[in-house]
Structures are given as structure tokens and as C-alpha cells.
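Read-outs: derived from the displayed coordinates by stated rules, not from any lab. From a predicted model like this one, the values you see are computed outputs, not experimental measurements. Virtual Cβ from ideal backbone geometry, glycine too; neighbours counted across all protein chains shown.
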Amino acid sequence: MRRRQRFLFKLGLIGTIGIFLFLLLNNALSPAKSTDEIKAEARIQSKGDTEIEKAQEKQIADLETTAERIDWHDHDAITRDLNREGLGEQGKKAYLEDHDRDREKLMYRQNGFNAMLSDAISVNRSVPDIRYEGCKHQKYLKKLPKASIIFIFYDEHPSVLYRSIYSVLNRSPQHLLEEIILVDDFSDRDSLKQPLDDYIAANFDIVKVVRLEKRTGLIGARMAGARVAKGEVLIFFDSHIETNYNWLPPLLEPIAINPKASVCPFIDVVSHSDFEYRAQDEGARGAFDWQFYYKRLPLLPEDLLDRAKPFKSPIMAGGLFAIGTDFFWQLGGYDEGLDIWGGEQYELSFKIWMCGGELLDAPCSRVAHIYRGPMDSRKNPRNTDYVHKNYKRVAEVWMDEYKEYLYAHDEGLYETIDAGDISKQVALRKQNKCKSFKWFMQNVAFDLTKVYPPVEPPDYAFGTLQSLANERLCVDTLNVGLHNPVGLYPCAENHKRPQKNQNWALSWHRDLRLRNHKECLDVAESGPNAKAKLWECHGQGGNQFWFYEENSKMVKHGSNLDRCLEADLSSHKVYVNKCDELKDSMKWQFGFVNSSALANFNKKDGEF
Ligand SMILES: *[C@@H]1O[C@H](CO)[C@@H](O)[C@H](O)[C@H]1NC(C)=O
Ligand SMILES: *[C@@H]1O[C@H](CO)[C@@H](O)[C@H](O)[C@H]1NC(C)=O
């Protein structure tokens, strides 16, 4: 309580000086510095590192240049797969014909994916090799450590679990697999008890099952798997995945070079409806915002030079990763005070970086994951808000003064939550001589606050967007929902604080969004009468870049600033057309304009 009051007092005080000045003063956030400047500073700071670290670095450099590398591809298996035909083969979209639609729907709802379709697709199916060209010729160290693959599951659909296992067995060099460990987190389904044991006995010899006696959640289940694992490397997987060709060597090599590396594969997607295997995106660096939503940062110029090379990532997505067994235990594994799930990827990522390790993404290792679709809710394993309790534990142990930003974003919530006993984690941090969170923010996540500022800068303008050609009309979502054009509607009475439909903000992202929401006006067309549609905000400018010119009262779109929002009074539509100062239909008034902020619109260049 007291801590929080002090923080609010601090905020209040500094608020009078202005938030930007606050950011400037708080050197932790380094607002005005460019990426290069920040990194140059980081280099100077890390000069103070110990002799041991230097010796380690030399060892790593030697290994990287001198050791023998080989082509790990199983070319025969790849050719065999290319010749496979059938439902869902080559990762193609699959459909069921002539079947029980009601049963299909029921199984879909129970699993969040088309489980009946999964049963019809081979557990050995082939997948498309969508790796970067460079990956297909990449060689890896001849000597690689052996891995234990740990699949945790709760009520997983059997054929999906079996396909996950087969994809690992079929696409890994056998002598690099120590074992595959399945951890059953106290599933309710009978199909996962004796029938699973029988299936394993009949088909696999390196698969073991660990059964938990009560529902433990992702974190506890992973720890149970790790405890019995014998491999030099632990690979944690969700139980609904499919690996791609040659996925394993690129995950293991960085750990062979640096035992304190943890490596994530590129995550592809298996569609929950038709089981198509496809890429998700071209990769990004992991991050978080100040409510602990997992976020991503753009790749750095150096990450793009060779797409086959691993790149550094501040935060892991969490579902799929490899880590050296010794390093995992040196870090104490996961904090077992973390319950069920939530925050564990932050805890592990923070301590990997802060305690002398590194976290990498390996683009040549691709593993696809089924992101579930709509499903019946499963029973909540706890009656408490375990997620925020987890977040608070992570913040208290690792985030130093930055934890206050997390707490400030959820007004009062964290005050009511007891983080429990964290003495073991605090001792572990001390014992490992882990660096500060400020070090992490300046050296690893150095561009995070630019994209996700801990204190949101004010909106340039907000409230209704009123047409000056007909002052009764305002831009309104018309309740159409995402991806549809907005229009004009009679204005709300309160122009500064209208209802959500008309409450727009020219935000610091320099987009025009529903105030305090994540829906933006997006113009994709470039011809006359281009429609302004409601779209998810991406914060990257482009089709969503807007500016308000206070003098001319024009709302300008796109970085050329030559296209303007226009009211069509007869049809009550709004368009974007070539700017014309003489047109009243292009003049608009916001409910509130922050002139001082707007005066600096161009200066900030997106840096905070
Ligand atoms: C999958 O492949 C394995 C050999 O790798 C084989 O033993 C098994 O019978 C196959 N299963 C199916 C259902 O095709
Ligand atoms: C207007 O912007 C300034 C910064 O330029 C900020 O300090 C102030 O709080 C803002 N006012 C409102 C009402 O948002």
C-alpha cells in the first residue's frame, strides 16, 4: 500500500513537469536516444564484465570457427515424404466427406480443433518444407548434445498427440533423442489412460509417461517432466505440434556452442479447422507490454542479413523452446510458486538474460502449433486469480523499479494480491549474481519502451470528430464491427466524452483509433472515394497514419499528407480524397485538441 502511494505521489509530482520530461529524466527509459546510441552505451557498460566471461566468450568464438560441421538432413526421409499422397499430406487443407456432421461439431467444440478430421489424417503425414532457402544448405556441428523432448498435456486429443510424437521421431536424427517424455497433467479422458499406455507399448520405445496425481498446470507439469529427463538439453513442447524437416540441429547447435543459450524454433501454424500447415510470419523478437501481454518487436537490420542465422530475442513465446539441462537447473527451473500458467515465459526469459545466458530464435528450426479455435470452456483448475499472482511474483523477484509500471497499469489490482514467499527466488538471483532489470531493458529489450512506453503519452486530440460542413454529424463506427467502413451519424451531446462509437483519438501512435481501444481507421485504397474502415491497430503507420492540421482543420491520411478525410453529407459516408483546402467537407473539429502535444507531432519521430 505504502509503496503504491509513494509511486502515485511521484507520478503526480512529475506530472506537473510533463510526462516527456519525466521520460527524459528517467534515464532508464532513454527516450531520445537512437537504437545505435543505446547499443553503443550497452557495449561500454558490458566492458566491465569479469575475466571468466571473457574466457567463456573466447571459448565460444573458437568453437564457432573451428569445429566440424555436417549436413544433418535425412534426404531419404524427405524424398519419401514428398511421395506421400492422401488426406492432409504435404500439409494441405483437408476436408471430410460423408460423415457425421453433428459428431464432428461436438468433437470440434470439445477440443477447439477439428478432432474428427485429425483422426482421418495420417499420424505420419508429410509437411511442406517452407524453410528459408539458406536453411536447406546449412550445416551444423557434427557433435551435438542429446535432447529430452517433454510434451505436457491435459485432455489432449489422442491422434493429435500421436502426430506430435511421430513428427519428432520421423524428423529427428535418432541418436540425438535421449527420450520423449509425456506428462499427463491429471487428464479426465479415459482415452489418455490405458489406451495411451497400450499405444505407446505397441509403437514406441523411447516414449515415457509421467502421470500427475492432481491438476498442476503447465508450469508444474513441465517441472515434473524436467525432473525425470536425462538429456543434456530439455526441449519443452505443447502436445499439439508438428515439427518440420531438420528442425532439431538448429535448436541444439547454439546450446552446443554456448551452454547458457536457450533457443526457440520459428512457430508455424496448423489450422484448427482444416489442418493446413502454413507459416505464421517472417519472425520477430519477443517482448511484452506493461500489462504483460506477449508482444513482438521488429527484427534488427543485422537479423536480416542472413535469414538462416539465429537472432537474439528478449522474450520467448513460451510454448516451444530448448534449454541446456544444467543451465535450466542452475536457474532453479521455473519458480514453482508460479501456479498453473501465466508469466512463466517472462520469468524464464528474464533470468536467462539477466543471469548470464542468451535467448535465441532459430529460423531454420520450424515447428507448427495448433492455435485452438472456439471451444467449450474447460473447468478452471483454481478459483483464484493465479495469473496476476504469478505476474506479481515475477515482477517482485526480477523487475526491480520497473515493476511499478506493471502495477500502475492495473489500477489497484496488484495491491490486493499476495505474491507469497519469494525468498528462494530472491536468493537464487543473488547467488547467480544476476544483472539488474535496467541492464536487461537497456541491453536486450532496448527498443521496447519505444513501442510499448511504460507511461502512455497523451493523445494529440480526442472526442468526437465533427464535420464542419454539417455540425450535426460526426464520424461514427455505426456499430458495423471490424473491417467495415465507418460513416456519419448525429453527434453525441458530450463532444469531449462521447460514447465509444464516436470517441476517437489521434493517439501517440499517430493513428486514429477508438479512444483507449485497439480499433483504428485504416485506408487501404488509394483512388478517389477511398473508404475508411475500422481495422485492428497495428501501430506501424502506413494505412493507419493520420494527422490533424489544426489551422486548416483537415484530417490528413498517409505520410505524404496529401489525402484528407471527407464527409459525404448526402450518403452519410466518409471517404479519403485528395486534399483541397477550399472544401468544407474536408474540415473537422475534434472534441478536444491538445495543441501543445500536436505542435510536437513531427518532432518525436515515434521515439519516446
Ligand atoms: C508411422 O510410421 C511408422 C514408421 O516410422 C510406422 O511404424 C507406423 O506404422 C506408421 N503409422 C501409420 C498410421 O502410418
Ligand atoms: C497535452 O500534452 C502535454 C504534452 O505535450 C501533456 O503534458 C498534457 O498532459 C496533455 N494534456 C491532456 C489533457 O492530455
D_trans [Stokes-Einstein, Kirkwood Rh over alpha-carbon pairs] for segment 546-608, 25 °C, 0.890 mPa s, µm² s⁻¹: 194
Spin-label pair residue 427/residue 230, simplified geometry with 7 Å Cα→Cβ offset, distance in nm: 3.1
Contour minus Cα-Cα distance for residue 209 and residue 550 (0.36 nm per residue): 116.1 nm
Pairwise label distance in nanometres, residue 80 with residue 139, each label 7 Å out on the Cα-Cβ vector: 2.6
Environment charge of residue 409, counting only residues whose C-beta is closer than 12 Å and scoring Lys/Arg +1, Asp/Glu -1: -4
Fraction in percent of alpha-carbon pairs per bin - 10 Å, segment 461-599: 14, 50, 34, 2
The chain, helix-only ellipticity at 222 nm - DSSP H runs n ≥ 4, -39,500 (n - 2.57), divided by all residues, nearest 500: -8500 deg cm²/dmol
Helix 248-257 vs. the chain, principal-axis angle (Cα, 0 to 90°, nearest 10): 90
Helix 51-66 axis, angle to the chain major axis (alpha carbon atoms, nearest 10°): 70
At R0 = 25 Å, FRET efficiency that the Cβ-Cβ distance of residue 600 and residue 561 yields, to 0.05: 0.95
Net charge dipole size for segment 469-594 [Lys, Arg +1 and Asp, Glu -1 on Cβ; Debye, nearest 20]: 280
Projected-area average for segment 101-370 over all orientations - Cα convex hull basis, square nanometres: 14.3
Span from the segment 482-541 Cα centroid across to the segment 318-336 one, whole angstrom: 44
Segment 100-239: relative contact order in percent, alpha carbon pairs under 8 Å with at least 6 residues between: 31
Cysteines without a disulfide-compatible partner [the chain; Cβ-Cβ under 4.7 Å]: 264
Built amide H within the under 5 Å cut-off of residue 177, gap 5+: 147
Computed over the chain, Kirkwood Rh from alpha-carbon pairs, angstrom: 27.0
Test item: Cα-centred dipole of the chain, Lys/Arg +1 and Asp/Glu -1 on Cβ, debye: 1340
Angle between the chain longest axis and helix 2-17 axis [Cα atoms, degrees, rounded to 10]: 40
Percent RCO, i.e. relative contact order, over the chain, from Cα pairs under 8 Å lying at least 6 residues apart: 12
Cα-projected label distance for residue 499 with residue 57, points at 7 Å along beta-carbon direction, nm: 6.1
Modelled FRET efficiency - R0 41 Å, residue 190 with residue 524, Cβ distances, 0.05 increments: 0.20
Gap separating the Cα centres of segment 363-399 and segment 94-113, nearest whole Å: 27
Estimated dipole of segment 261-348 in Debye, rounded to 20 [Cβ of Lys and Arg +1, of Asp and Glu -1, Cα centre]: 320
Residue 198/residue 293 FRET efficiency (R0 45 Å; Cβ-Cβ; nearest 0.05): 0.60
